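Read-outs: derived from the displayed coordinates by stated rules, not from any lab. Given the structure is predicted, the values throughout are model-derived calculations rather than measurements. Cβ coordinates were reconstructed from backbone atoms using ideal geometry, including for glycine residues, and neighbour counts include every protein chain displayed.
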Amino acid sequence: MKKFIILAVMLVSFVTAFAQQSQTVEMADTFRSSGKIYVVIAVIVIIFIGLAIYLFSIDRRLKKIEKEK
């Protein structure tokens, strides 16, 4: 039941976020036309990969500490 409620909340939030795309964003159009959007996407991907590596390393350390106790 809890998973169903979470799924319903996620779907409702997605619909409201999707409904707000009626305006154009000038900055995104400018980045896209000049090719700089790929730099922005690359930076975001690098940040997410760094966060994932950091979280996995913390998880390994915690598992090691839990096994010692």
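Segment ILE47..THR30, full-extension length gain: 3.8 nm, with 0.36 nm per residue of separation and the alpha-carbon distance subtracted. Taken one residue at a time, the phi angles of the range 58-65 give Karplus couplings (6.51, -1.76, 1.60, θ = phi - 60°) of 5, 4, 5, 5, 5, 5, 5, 5 Hz. Gly and Pro are set to x.
Ranking VAL45, MET27, ILE65 by Cα position along the charge dipole of the range 25-69, where only Lys, Arg, Asp and Glu carry charges on their C-beta atoms, puts ILE65 farthest toward the positive end.
Would you kindly work out the equivalent ellipsoid of the range 25-69 from its C-alpha gyration tensor and give its semi-axes, the square roots of five times the eigenvalues, largest first in whole Å?
On the way: eigenvalues 319, 11, 3 Å².
Square roots of five times the eigenvalues give 40, 7, 4 Å.
Simple spin-label estimate for LYS69 and VAL9 gives 2.9 nm between the two label positions (7 Å along the Cα-to-Cβ direction from each Cα).
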